[in-house]
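Each remark here refers to the structure printed beneath this line.
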Amino acid sequence: MCRYDIVKMEIDDHPACTALFGGQCPFASTCLEQRRTGNRDAYLLRVGGEIVSECHLVYDNPEYGTVPGKRAYFSRMITKKEYRRQGYGEIIAQFILDLAKEKGYTEIALGVNYDNTAALRLYQKLGFTVYAEAEDDYGKYYRMEKTL
């Protein structure tokens, strides 16, 4: 694994990150607005200065199952295809979990697409458990949670 660093994403970095999603993410404007209001922080994992992974922490959004000061939401973790299965996703995920705990949260929740078996395995390895199955306009997904 190459040397890496993790930095907080600045608002100006937002356009550079859409490449991770292979184009515009349907949730980009919501994420950007939440970041502007301080309700979401985004972090980037860089290798040699190149952004290879992104992950967000959402603080207060009942739609995501958050509970102010108790349960945060782990969101938008993605790693560029050519950097997958090299441990970078686990590194940035653990960073977000540690950050949530440092901020006083005792629980964290997330949603993962039903067919994303690699992510599901990673989240289970990190201690998340499935507590529900759901479906929305984008397909079936698991709701997962973890005690910090």
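Values computed for the structure shown
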| read-out | value |
| --- | --- |
| Debye intensity ratio I(q)/I(0), log10, the chain, q values 0.16 Å⁻¹ (C-alpha model) | -0.87 |
| Highest-MSF residue in the chain out of Ala100, Ala109, Ala134 [GNM, Cα springs under 10 Å] | Ala134 |
| Ser29/Asp136 FRET efficiency (R0 22 Å; Cβ-Cβ; nearest 0.05) | 0.80 |
| Helix-derived mean residue ellipticity, 222 nm - over the chain, DSSP H n ≥ 4, -39500 (n - 2.57), to 500 | -7000 deg cm²/dmol |
| Selected from Thr30, Thr66, Thr79 as most flexible by GNM, with the chain as the system and alpha-carbon contacts under 10 Å | Thr30 |
| Whole-Å distance, taken between Cα centres, linking segment 88-148 and segment 30-56 | 17 Å |
| Most fluctuating residue given options Tyr43, Tyr88, Tyr131, as computed from a GNM of the chain linking Cα atoms under 10 Å | Tyr131 |
| Average Cα contact separation per residue, segment 4-109, under 8 Å, 6 or more apart, as relative contact order % | 24 percent |
| Tally of Lys pairs whose C-alpha atoms are under 20 Å apart, taken over the chain, 8 or more apart or cross-chain | 10 |
| Mean Kyte hydropathy of 0.0 or more with a Cα span along the axis of at least 20 Å, helices from DSSP in the chain | 88-102 |
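Any read-out appearing in this document is the output of simple, stated calculations on the displayed coordinates, not a laboratory observation. Every value quoted in this text rests on a predicted model; they were computed, and no experiment measured them. So basically every Cβ, Gly included, is an ideal-geometry build from the backbone, and we count neighbours across all protein chains shown.
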